[in-house]
Amino acid sequence: MPDESVVVADRPELKRYEIAIGDQVAYLTYRTNDDHVLLSHTEVPASLRGRGLAGVLAKHGLDEARRAGKKVIVRCPFVTAWLLRHPEYNDIVVARVADSGAVDRQPPGEPR
């Protein structure tokens, strides 16, 4: 369970949401257009793993998309897996893109 004091910052110039702890930064990269957000990649330094930070970033990215009225395309494998445990976001997920480039236009419903 992540610490309640964790703060997610939007860094639009870097196209990412990030959590800075000391000199380490965990982040989720994104791209946006008028009607959707692409969540592309989550990175958590080894020293910060196991604290739930990637989940905090995934939730934040999805909440921001919902707040902005945008649909979500997921390319990040972590976010795809996280969505399996959080179906409350399925209404805004329109597609996920596998590393192979294959597109699944249905929200993930079960592990593959």
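The values are calculated or read from the model by the stated rules, or taken from the named source; none is laboratory data. Just so we're clear, the structure is a prediction, and the values are computed from it rather than from any experiment. Note that we place each Cβ from the backbone using ideal geometry, even for glycine, and neighbour counts take in every protein chain shown.
See the values below:
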{"read-out": "Glu43 being within 16 Å of the chain's Cα centre (by Cα), acidic (Asp, Glu), buried (at least 18 other Cβ atoms within 10 Å of the Cβ) and at negative phi", "value": "no"}
{"read-out": "Long-range neighbours under 9 Å by Cβ, at least six apart or interchain, first residue more than 14 Å from Leu28 (Cα to Cα) within the range 56-81, second surrounded by 15 or more Cβ atoms within 10 Å (Cβ to Cβ) and among the hydroxyl-bearing types (Ser, Thr, Tyr)", "value": "Arg66/Tyr89"}
{"read-out": "Those strands (runs of 3 or more DSSP E) lying entirely in the range 16-78 with at least 2 residues more than 19 Å from Arg96 (Cα to Cα), at pLDDT 95 or above and of a type outside the set (Asp, Glu)", "value": "16-21, 24-32"}
{"read-out": "Those residues of the range 21-32 which are surrounded by fewer than 19 Cβ atoms within 10 Å (Cβ to Cβ) and either under 16 Å from the mean Cα position of the chain (by Cα) or in contact (Cβ under 8 Å) with a residue 40 or more places away in the chain (or both), in sequence order", "value": "Val25, Arg31, Thr32"}
{"read-out": "Residue that is modelled with the lowest pLDDT [pool: residues in the range 98-112 that are surrounded by fewer than 17 Cβ atoms within 10 Å (Cβ to Cβ) and under 16 Å from the mean Cα position of the chain (by Cα)]", "value": "Asp99"}
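So that you can scan it fast, the table gives a plain yes or no per residue for (1) β-branched (Val, Ile, Thr); (2) within 28 Å of Ser5 (Cα to Cα); (3) touching a helix residue (DSSP H, G or I) at 6+ places or on another chain (Cβ under 8 Å):
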residue	(1), (2), (3)
Leu38	no, yes, no
His41	no, yes, no
Ser47	no, yes, no
Gly55	no, yes, yes
Gly61	no, yes, yes
Arg66	no, yes, yes
Leu84	no, yes, no
Asp91	no, no, no
